[in-house]
1. Output wanted: per-residue J couplings in Hz (rounded whole) for region 188-195, from phi through Karplus 6.51 cos²θ - 1.76 cosθ + 1.60, θ = phi - 60°, x for Gly and Pro.
2. Using the basic label-point model (7 angstrom from Cα toward the beta carbon), what is the Val229 to Phe214 distance in nanometres?
3. By how many degrees, between 0 and 90 and to the nearest 10, does the Cα long axis of helix 2-14 differ from the longest principal axis of the chain?
4. If R₀ is 22 angstrom, what is the calculated FRET efficiency for the pair Arg150 and Ser196, using the beta carbon separation as r and rounding to 0.05?
5. What nm value, rounded to one decimal, do you get for the distance between Trp62 and Leu119 when each label is placed 7 Å out toward the C-beta?
6. Classify region 83-239 as rounded, prolate or oblate, taking a ≥ b ≥ c as the square roots of the eigenvalues of its Cα gyration tensor: rounded when a/c is under 1.5, otherwise prolate if a/b is larger than b/c and oblate if not.
7. In nm, to one decimal, how far is the modelled label at Lys131 from the one at Val175, with both set 7 Å along Cα→Cβ?
8. Give me the percent of accessible area attributable to carbon and sulfur for the chain, probe 1.4 angstrom.
Amino acid sequence: MKHIFLATAAAIALGAPAATAQTIGMAGIPSGFGVAGNVVALGFSGSYSQQLRGVAPNQTHWDAATSATFGFGNPVSGVGVEVGINLTSFRRFGQSGHLSVGVHRMFQANDRGVFSAALRADYLGAWGDIKTYNPAYSLIGSYATSVGSRLAMFSAGVGTGWGQNGSDRTTRGAVGFGIGLNGQWAASVGYVGQESVIGAVWQPPALNGASVAFSIRNIEDSGNATFAVDIGRAFALMR
C-alpha cells in the first residue's frame, strides 16, 4: 500500500509545474520513499489469485487486507521513521496481522531528481494465521526524476519476504519503473521476488487525494496470476 502514497509525495518534491502536473507511482512494487513525519497513511488492498492461498482450512482465491502506517521525523534534514499495523484478515477482521517498522532518508540528487532509501522490517509480532511467520527485512532505493516532459521513478532493492509463499524468507531482489502519463494516471512495470508486476496508479480529483492502484502479478505463470486493487489515502495528524 505504501508505494502509492510515497510515489505521490515524490512527485510533489520534484515541484512539477501545475500546467504539467502528473501522477507518479508504482503499483505493487516496493518504494524507497517513506511516510513523512506527522502523517498517517491508510490503505485497503483486495486481490484475486487463480490459485488458492492462505492456511488450511481457510484457503481462498480472494484476499483483502488493511493497514495504517504512521510517519515520524524528517527524512530530508534527518531520518524519517514509520510504524505500521497490518491486518491480513478482512473477513475475520483483526484476527490475523503483524507490525512493521522502517527508517528512510531522502537526498536531493541533483536539480532534477530526488533519491530516497528505506530499510524496513515486516511481520513483527505476527498473530493469528501467520503467527509462525518470521520477520522479513528489505532495503530499497528509489530515484524520482523527469524523463523528457514526464515524471518517472526507478526502484531497486533486496528483501527476504518477497516469495510466492508468505512464509518464505529467501533473499530476493526487486526492480521497478513507473512513469507519469498525465495528472491522473501513471503506469509501472517491475519484478519483485519471483513475480513480474504490471500496473497503473489512478488519482482522480474526485477522490480528494486518494490513490487507486491496479496490478497484475505473475502473469507469465499460466494459471497462477494475481489481480489486485489497492486504495490509499494519507492524512496529516496535526495541522
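The values are calculated or read from the model by the stated rules, or taken from the named source; none is laboratory data. These numbers were taken from a predicted model, which means no experiment stands behind them. Glycine also receives a Cβ, built like all others from the backbone with ideal geometry; neighbour counts cover every protein chain displayed. Ligands, DNA and RNA are stripped out before the accessible areas are found, and what is left, the full protein with its side chains, is counted by its heavy atoms. Shrake-Rupley method; radii C 1.70, N 1.55, O 1.52, S 1.80 Å.
1. Running phi through 6.51 cos²θ - 1.76 cosθ + 1.60 with θ = phi - 60° gives 8, 8, x, 9, 10, x, 10, 9 Hz.
2. If labels sit at Val229 and Phe214, their model points lie 0.9 nm apart.
3. Roughly 10 degrees, rounded to the nearest 10.
4. Efficiency computed from Cβ-Cβ geometry: 0.50.
5. 4.1 nm
6. Since a/c stays below 1.5, the shape of region 83-239 is classed as rounded.
7. 4.2 nm
8. Accessible surface attributable to carbon and sulfur in the chain totals 63 percent.
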